[in-house]
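K.L.:
Please read through the structure below; I'll follow up with questions.
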Amino acid sequence: MTLLLQLLLTFGILSLVAVGGANAVLPEMHRQLVDLHHWLDDATFSQLYALAQAAPGPNILVASVMGWRIAGLGGLAVATIGMLLPAAVLAWGMAGLVHRLRGAPWLKPAQGGLVPIAVGLLLAAGLVMAEASSQFGLLPLGIVAASSLFVWRTSYSPLWVLAGGGLLGLALLR
């Protein structure tokens, strides 16, 4: 199987479980790209994730940047298509089904059940990124925990966490 087809299949499967967006499947993306296929190493994965998050635009850029690093322009294209197309087709189909079943008493609880799944996936993403940045020891895990608590327990904007993380990154990397 060619590299581009492998990338398309890998990102296509990831897109089907990306409840909460591309960042929600970051742990599995890391497992696939770093541990399973060995297309990237931990440091490169972390750096590409940081680059994708620093760029303006949607979180899907993480897949595009990873695909670009692995297989150039073709990799960028197939990784992006893989992350967008299967999820879009599934969402389109589910929207029609939800519309037809809108009066069903079990629909609201089923939709509400997706919220903790998305939160768990995003927390796992933070932990995987902290682990990939292991050159700083346990500090990244503490930062993930403190950031999560700050966003969860205060009414302040999450942008304060981003600003604090940026300043902390500048201080640590000097």
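Bear in mind these aren't lab numbers, they're just calculated from the coordinates by the rules spelled out. Computed from a predicted structure; not experimentally measured. Here the Cβ positions follow ideal geometry from the backbone for every residue, glycine too, while neighbour counts run over all protein chains shown.
K.L.:
Can you give the FRET efficiency to the nearest 0.05 for L36 and T154, using r as the Cβ-Cβ distance and R₀ = 41 Å? Spell out each step's value before the answer.
P.N.:
On the way: r = 38 Å, r/R0 = 0.93.
The pair L36/T154 has a calculated efficiency of 0.60.
K.L.:
If you plug each phi of segment 28-37 into the Karplus form 6.51 cos²θ - 1.76 cosθ + 1.60 with θ = phi - 60°, what whole-Hz ³J(HN,Hα) values come out, in order, with x for Gly and Pro?
P.N.:
For segment 28-37, the Karplus curve yields 6, 4, 4, 4, 5, 7, 9, 7, 7, 8 Hz.
K.L.:
What are the membrane-span-like helices in the chain by this rule: whole DSSP H runs, Cα extent along the axis at least 24 Å, mean Kyte-Doolittle hydropathy at least -1.0? Write down the numbers at each step before the final one.
P.N.:
Details: long enough: 61-100 (43 Å, 1.42); 114-132 (27 Å, 2.16).
Membrane-span-like by this criterion, though nothing is claimed about a membrane: 61-100, 114-132.
K.L.:
Another question, if that's okay. Over segment 3-103, what is the relative contact order in whole percent, taking alpha-carbon pairs under 8 Å and six or more residues apart?
P.N.:
Values: 111 pairs, mean separation 35.6, N = 101.
Value for segment 3-103: 35 percent.
K.L.:
Any idea what the relative contact order of the chain is, in percent, if you count C-alpha pairs under 8 Å spaced at least 6 apart?
P.N.:
On the way: 162 pairs, mean separation 45.8, N = 174.
For the chain, the relative contact order is 26 percent.
K.L.:
What range in the chain is the longest one free of chymotrypsin sites (Phe, Trp or Tyr not before Pro) that are in a loop by DSSP and have at most 16 other Cβ atoms within 10 angstrom? Let's see the in-between values first.
P.N.:
Numbers: sites that count: W106, Y156.
Longest run free of exposed loop sites: 1-105.
K.L.:
If you don't mind, there's one more thing I want to ask. Here are several values of semi-axes √(5λ) of the Cα gyration tensor in Å: (1) 34, 23, 11; (2) 28, 24, 13; (3) 27, 18, 15. Which one was derived from the coordinates shown?
P.N.:
Of the labelled values, this structure produces (2).
K.L.:
If Rh is defined by the Kirkwood formula over all Cα pairs and Rg also comes from Cα, what ratio Rg/Rh do you get for segment 3-103?
P.N.:
On the way: Rg = 14.3 Å, Rh = 13.8 Å.
Taking Rh as the inverse mean 1/r over Cα pairs, Rg/Rh reads 1.03.
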